[in-house]
1. May I ask you to derive the FRET efficiency for Phe26 and Arg154 from their Cβ-Cβ distance with R0 = 45 Å, giving the value to the nearest 0.05?
2. Kindly write out, for the stretch 581-589 in residue order, the coupling ³J(HN,Hα) from the Karplus curve 6.51 cos²θ - 1.76 cosθ + 1.60 (θ = phi - 60°), rounded to whole Hz, with x marking Gly and Pro.
3. Would you grab the residues whose amide H sits under 5 Å from the one on Leu209? Only those 5+ places off in sequence or on another chain, please, with H modelled 1.01 Å from N.
4. Set the Förster radius R0 to 30 Å, insert the Cβ-Cβ distance between Thr327 and Ser349 as r into 1/(1 + (r/R0)^6), and round the FRET efficiency to 0.05.
5. Between rounded, prolate and oblate, where does the stretch 305-462 land on the alpha carbon gyration tensor, with a ≥ b ≥ c its root eigenvalues, rounded for a/c under 1.5, else prolate if a/b exceeds b/c?
6. What net charge do the residues around Gly353 carry, taking every other residue with its C-beta under 10 Å from that of Gly353, with Lys and Arg at +1 and Asp and Glu at -1?
7. With θ taken as phi - 60° and the coefficients 6.51, -1.76 and 1.60, list the Karplus ³J(HN,Hα) couplings across the stretch 555-560 in order, rounded to whole Hz; mark glycine and proline as x.
8. Going down the list Lys307/Lys408; Lys307/Lys366; Lys182/Lys208; Lys208/Lys366; Lys307/Lys543, which pairs span over 32 Å between their C-alpha atoms?
Amino acid sequence: MKSYAGASMLLPRLLIVVHDLAAVAFVWLGLRWLAGLAGAPPATAIQLELVIVVLTQALVLRAVGLYQGLWRFASLPDLANLVRAALVGVLLIVALLFLAGLLPDVPRRVLFPYPMAVVVVLGVPRVLYRLWKDHRHSGHNADAQRVLVLGAGRTAETLLRDLRSDGRYQPVGLLDDQRALKGAKLQGVPVLGTIDELPYIAQETAPKLIVIAMPSASAAEMQRVVTLCDETGLPFRTVPRLGDMLSGKSGARLELSEVRIEDLLGRKPVEFGAMYEALVGKRVLVTGAGGSIGSELARQCVAAGAKRVVLFERAELSLVEITEELTRRYPDADIEPMLADCGDPTACSIAFGDGIDYVLHAAACKQVPMLEGQVREALRNNVTATATLARMCRERGVGHFVLISTDKAIAPINVLGASKRFAELACQAELAGSDVHLSIVRFGNVLDSAGSVVPLFRRQIAAGGPVTVTHPEVTRYFMTIPEACALILHSVGLCAGNCAVFALDMGRPVAIRELAEQMIRLSGKRPGIDIAVSYTGLRPGEKLHEILFHPQERYQRTRHPRILQAQPREVDVDAMRRVLARLDHLLRQPDGGHALVSLLHEAVPEYNPHPDATEAFEAAGQQQRGGSNA
């Protein structure tokens, strides 16, 4: 079978070589005939010329890699190889004819047109063969889906080739914002108009699918395009990003994907760069390693070359999944799973083992409405566990402790925000006077993380609605999971002093109402018509707007233009340690609920669960939102 397969592959190649050599001989003899054979050298001399020309040209054609390509996919690079081979070939032929003493007998009328003639005679059959195969393949499926393509650039040109070779799709036209392109053709497909004319042209051409081939479009442009697609009532897809194809998120080259919600953030994703030199050869402990953020942090730490990565997680299934994934992808990596609660001092002591360089603390309770009635667990998990880790870092000489906090910790009106602010103060107190560097990283809402509104909206849309939004004016800062993890890892290198607060410049906050409507459109539905949007009112602990820094925290940009850094507010170390001791005592009391709430107010004086108390902070937040985009 192997010999048969090898012969079946070798035969077409051999036929191509024979074709090319015969074509070269034909060109040379044809030019000789056109130049006139009167007074020509004897036949033996002509034969010697022909041997020199054919062998020389054959070697050059092989040297330029012409036979590495396939006629079925002949393209401009193959034409460039032909031109290169013809020019180099004629120079070598002239040199060999001169050495053989035959050059005086060869007219210039043969030598000068020879390269062009070779390109034409060898190139035309290749182009014709590709056109025939493309036409045959495209006409093979009578049930091909009619497709209208948005964009007429290089991506669209590649897409059209793939659509035709795939056979499942029939391109009917292109739309592009450059009006000068109207009437032009790309791969034989006409540019019918601008993208703003999409609703009208879609009615005229009757496509069954719209494909967006605009990889360089900004978020605002994508929002405009999605709105126009939504007006047509047709399904729409986008060409996968190159990064997704390289990372394996998109399989086949023509696997059209849905427009991602990240494309509609209202800003371009922040680019951080992929290398984290500070992690190379280091021992890293990641808490909450089974969660959305913790698992991605673990992946990036292992990929960056960390010497050992300890996965600290109390959810058994999540820990199994991330451990198996990392072990499979990085068989040589030192990955140590630890099934435990990071509020357990003994478990922390075991996890720190023979030493840890960096602790990335992602474990926390994060659900705002739930925690309003679960004050004890919020304080135990978000505060006491964090203080336990910070204390262990001080005792074991850890180099850097990264606390993942939230924008809700600023002027908190809910238990989540107050407990995370309490955790920030606890870390400052526990690490005061030590050599441990503390980075407090404040997040906005993380798209597609566990508990974010995006999965909730997806479930509601899949169920036919309604999509529930708390308030028509509510806004939130959003960031992607890669942005969140990159911010955490970069904070390790940016923290110059003993303690600093970091946040990402996330542009302007996103209106949740607009986010819900965009997600409905992305599903091929129309908001308010196919899927209802209902307003339920602000839930306990929620406020209309968030800010990233307290007005007393003077922030500035770091050497990365999109990462903001501020100095934390001062904390009374002794007083905070006494509060933490009282918290430990109250957590052991079964009836300490009211006392815990009072202690939370004492530890975080700005905590006020009444929304009207946050007006001043929301005004300050408006100033921050305006300033961060200046």
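Taken together, the values in this text are just the output of simple stated rules run on the coordinates, not laboratory data. These numbers come from a predicted model, not from an experiment. Virtual Cβ from ideal backbone geometry, glycine too; neighbours counted across all protein chains shown.
1. 0.75
2. Along the stretch 581-589, the couplings run 5, 5, 5, 4, 5, 5, 5, 8, 9 Hz.
3. Leu148
4. Step by step, r from the Cβ atoms, then E = 0.75.
5. Judged from the Cα gyration tensor, the stretch 305-462 comes out oblate (a/c at least 1.5, b/c at or above a/b).
6. +1
7. Listing the rounded values in order: 9, 8, 7, 9, 5, 8 Hz.
8. The answer is Lys307/Lys408; Lys208/Lys366; Lys307/Lys543.
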